[in-house]
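Encoded as structure tokens, the structure appears first; notes follow it.
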Ligand code: MG
């Protein structure tokens, strides 16, 4: 039996340490066999918002095919990349994984199109930001504990989940919002999770984009990173079937980018030598990042995907469908909250009693944002049919 292990053993002094954690909002006795960040990771895995990610769109609508990434598989890929980087840099793997697995918990159905529509619906009522919603899910909306609302995660996990935040919202968030006002950094594990997200989606969107036929190998050869590995794979294995060739290029691209991130970050850590996570947080710039050349390639690929895949007419068409469904749901429930299931109706009415129409709107947004793609279609059909 391995009890009383030191969860911080072997970590760098600038890692997020359990020993110096800012702790949980509601103090709890320590777990017997797990470190606190491992416990956070486990709480995320057991949450209902995490399970629902399986039926939420990443880029391709969830019902378009079983081979495409969903928000769940995306989150797992982000966690894999994040852990590899954290491990190589002697940073906290469980914390990095907890942040990665939780980073999209507040995402709406229908991918970014869904988030844009819900933000538009909520414009007069404080807006909708999926990062802030992820924090809201773990702080308020999950109902798993007798003693408190939410999952009561550690400060460091919550700090990482809140990647971006408007200044207006930051002012409401106390200690967690302060870094956005002072333009300071989160811990290194949070910085890793942020870039692991970008590495994962850049690379898996190449794979899904090719699978869909919306972009081709020839199109992608305009991108330096892809072209380099395409040339190397083709010269080493000239007769490789297309699918294996694409996957071989994909794994080399991820390996290349992850190694660049580890090595460039390690160099910065040597130069700056922060004494603690406090010193990391006090820096004006993040320390986790690519080399200059690596960053240029990363941005080039990102730009290619934005212009050639995310703005493809097929994806734009989905956007219009998603807008119609989410707008219909939001308007329908705003008009009559009693059409929501009873616990959501009660939550919306309770918030309305405190902050008027904006409170009601927040309750409706919580319900709509939590839906999977297919549940959103079902609910839309239900309330449209009953008009
Ligand atoms: Mg993501």
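Points worth noting:
- So residue 90, is it in contact (Cβ under 8 Å) with a residue 40 or more places away in the chain, touching a helix residue (DSSP H, G or I) at 6+ places or on another chain (Cβ under 6 Å) and surrounded by 15 or more Cβ atoms within 10 Å (Cβ to Cβ): no
- Some residue of the stretch 118-130 being within 16 Å of the ligand (Cβ to nearest atom), outside any loop (DSSP other than H, G, I, E, B) and more than 15 Å from residue 371 (Cβ to Cβ): no
- Candidates 270, 280, 288 - the one that is within 20 Å of residue 196 (Cα to Cα) and in a helix (DSSP H, G or I): 280
- Options 135, 210, 151, 214: the member that is outside any loop (DSSP other than H, G, I, E, B) and away from the ligand (no atom under 16 Å from the Cβ): 210
- When we screen 222, 143, 175, 159 for residues that are away from the ligand (no atom under 16 Å from the Cβ), over 17 Å from the mean Cα position of the chain (by Cα) and in a helix (DSSP H, G or I), the only hit is 175.
- Exactly one residue among 66, 42 is away from the ligand (no atom under 16 Å from the Cβ), without any contact (Cβ under 8 Å) to a residue 12 or more places away in the chain, part of a helix (DSSP H, G or I) and surrounded by fewer than 18 Cβ atoms within 10 Å (Cβ to Cβ), and that residue is 42.
- Residue check for residue 210: surrounded by fewer than 23 Cβ atoms within 10 Å (Cβ to Cβ), in contact with a helix residue (DSSP H, G or I) (Cβ under 8 Å, 6 or more places away or on another chain) and at negative phi: yes
- Test: residue 231 is modelled with pLDDT of 95 or more and more than 27 Å from residue 90 (Cα to Cα): yes
The values are calculated or read from the model by the stated rules, or taken from the named source; none is laboratory data. Model, not experiment: these values are computed from the prediction. Neighbour counts run over all protein chains shown; Cβ positions are idealised from the backbone, glycine included.
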